[in-house]
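A short reminder: the numbers here are calculations on the coordinates, not readings from a lab. Nothing here was measured: the structure is a model prediction, and the numbers come from that model. Backbone-built Cβ (ideal geometry, glycine too); neighbour counts: all protein chains shown.
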Amino acid sequence: MTISVGDSIPDVQLRTMTAEGPRPISSTEALGKGKVVLFAVPGAFTPTCSDHHLPGFVVRADEIRAKGVDTIACLAVNDPFVMGAWGKDQGVGDRVLMLSDGNGDFTKAVGLEMDGSGFGLGLRSQRYAAILEDGVVTSLFVEPKPGLEASSAESVLAAL
């Protein structure tokens with residue numbers, strides 16, 4: 001069942017890359033306090049994700065934070081090394097928290113997984129964005145088809 005507005009996010013282990021290497025972080029530690037914008041992508045370094053989705057949130061991070069957002073987080077079913085490298089490649093700095101859901105535990109728990117095996121990708125996340133308040137979903141934007149509209153930084157900014 002897909003997570004809905006009013007639901008709390010699940011508490012599962014994710015990872016984030018630090019200067020010392022990958023660090024485990026619970027989803028509630030990363031996403032459960034304050035106002036959070038979470039967006040998920042099918043894969044790091046993929047065209048739409050690298051050309052539009054992540055860059056939109058990096059460029060608009062100050063505008064998003066000005067709306068009272070404490071954390072902007074990007075999640076993908078990729079390992080923490082890939083997420084760390086992608087963040088460096090995209091010049092993310094501290095504007096977006098890069099979260100690795102390497103085993104897809106969070107993605108499965110929120111019911112937003114997709115089967116990308118036809119493209120050699122295996123289990124991946126659907127493309128979506130959510131606004132969370134203290135770990136509770138207040139808005140959810142799931143892309144209805146391939147491409148980027150509903151979950152873009154512009155769409156999220158308009159909803160804040």
- Report the one residue of Leu148, His52, Tyr128 whose Cα lies farthest in the direction of the positive end of the charge dipole of the chain (charges on C-beta: Lys and Arg +1, Asp and Glu -1; origin at the Cα centre). His52
- Phe81 and Asp134 label points (each 7 Å along its Cα→Cβ direction) are spaced in nm at 4.1 nm
- Between Ala158 and Asp89, the two model label points (7 Å from Cα along the beta-carbon direction) sit apart by a distance in nm of 3.0 nm
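If a/c stays under 1.5 just call it rounded; otherwise compare a/b with b/c (prolate if a/b is bigger, oblate if not). Do that for the chain, with a ≥ b ≥ c from the square roots of the Cα gyration tensor eigenvalues. Spell out each step's value before the answer.
Working: a/c = 1.14, a/b = 1.09, b/c = 1.05.
Here the chain falls in the rounded category.
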- Query: Taking the Cα-to-Cβ direction at Lys67 and at Glu29 and moving 7 Å from each Cα, how far apart do the two end points lie in nm?
  - Reply: 2.9 nm
- Message: If you take every DSSP beta bridge fully contained in the chain, what fraction is antiparallel? Give it as a percent rounded to 5.
- Response: 70 percent
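Would you mind calculating the relative contact order of the chain from Cα pairs under 8 angstrom and at least 6 residues apart, reporting the percent as a whole number?
Relative contact order for the chain comes out at 31 percent.
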- Query: When the chain is treated as a GNM, springs tying every alpha-carbon pair under 10 Å, which of Ala76, Ala130, Ala66 comes out with the largest mean-square fluctuation?
  - Reply: Ala66
- Item | Longest DSSP-loop-exposure-free segment, GluC sites (Glu not before Pro), the chain, at most 12 other Cβ within 10 Å | 21-148
- Message: Checking the a/c ratio against 1.5 first, then a/b against b/c, what shape does the Cα gyration tensor give for segment 28-78?
- Response: oblate
